[in-house]
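Worksheet: the structure to be examined is printed underneath.
No lab work stands behind these numbers, since they all come straight from the coordinates. Only a predicted model underlies this, so the values are computations on that prediction, with no experimental measurement involved. Positions of Cβ are backbone-derived with ideal geometry, glycine not excepted, and every protein chain shown enters the neighbour counts.
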Amino acid sequence: DAKTTQPPSMDCAEGRAANLPCNHSTISGNEYVYWYRQIHSQGPQYIIHGLKNNETNEMASLIITEDRKSSTLILPHATLRDTAVYYCIVRSFSGNTGKLIFGQGTTLQVKP
Amino acid sequence: DTGVSQDPRHKITKRGQNVTFRCDPISEHNRLYWYRQTLGQGPEFLTYFQNEAQLEKSRLLSDRFSAERPKGSFSTLEIQRTEQGDSAMYLCASSLQQGSYEQYFGPGTRLTVT
């Protein structure tokens, strides 16, 4: 599975959009981009995933560049409860266990 | 609550003792994963079950660690002769075999070895 690079930390004002970048320049054609987050002292929580099209759900939007070498997770109206560590993970569906390989993620601090 | 549950939530033990943790996955999920997370790091994969079969083990899983999933339902993770380096959060996750394989995590068991 491809390696990802994320900034270690980011701040965002409450009510504003939080844009979390992720580089995955070695991603291969059958690998998806997944985002999870981990609020302090809880297990990770699935947010969203995508292959090459932009995706949106009730939690966030995922924008993947045309060359698929990077992506951005967008939380449209960040709240204090969105303060967490956000992990960007790339993995394929086929022929593997589905295990997740976490990096160190981005610590997002939402400030009032 | 139909999410993944883990028991106990916290465990303090003395070095050299054995400990066992339990994970109850979401009922229709046939894949089950164990991860370990130390302070300031992302979770690290330990082992994976599909139904009752343990199909992959990480090199992190030394011979002091053993995991089971009898009947493909709940799973247990046992650590024998605990060491201080085993202090960590132990996370369990489950997923369906088909589809996009989102993993749903439990709250974790925090182990402290004194």
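What is the Å³ per residue value for the convex hull set by the Cα atoms of chain A? Present the calculation step by step, with values, prior to reporting the outcome.
Numbers: hull volume 10.4 nm³, N = 112.
So the per-residue hull volume is 93 Å³.
For chain B, count all C-alpha to C-alpha pairs, find those more than 16 Å apart, and express that count as a whole percent of the total. Working shown, then result.
Working: 3614 of 6441 pairs.
More than 16 Å apart: 56 percent of the Cα pairs in chain B.
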Longest exposed-loop-site-free stretch of chain B, with trypsin sites (Lys or Arg not before Pro), DSSP loop and at most 15 other Cβ within 10 Å? B:16-58
In Å and on Cα atoms, what radius of gyration and Dmax does the protein assembly as shown show? 17.8, 53
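Exposure proxy check: B:7, B:86 ranked by fewest other beta carbons within 10 Å? Please list the in-between numbers first.
Values: B:7 14, B:86 20.
Fewest-to-most Cβ neighbours within 10 Å comes out as B:7, B:86.
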Here, residue A:10 and residue B:80, labelled 7 Å along Cα→Cβ, have an inter-label distance in nm of 4.7
Hey, got the average number of other protein chain Cβ atoms within 10 angstrom for residues in B:44-50? 3
Between residue A:51 and residue A:81, what is the label-point separation in nm under the 7 Å Cα-to-beta-carbon projection? 3.3
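Expected output is a single nm value to one decimal: the length gained when fully extending between residue A:97 and residue A:58, i.e. 0.36 nm times separation in residues minus the C-alpha distance. What is it? Don't jump to the answer; show the numbers that get you there.
Values: separation 39, 0.36 × 39 = 14.04 nm, distance 2.76 nm.
The residue A:97-residue A:58 span can extend by a further 11.3 nm.
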Enumerate the aspartates and glutamates that residue B:57 could reach by cross-link, defined here as Cα to Cα under 16 Å, with residues fewer than 8 away along the same chain left out. B:44, B:68, B:78
Could you pull out the GluC sites (Glu not before Pro) across region A:55-112 that fall in loop regions by DSSP (anything but H, G, I, E, B) with no more than 15 other Cβ atoms inside 10 Å? A:58, A:66
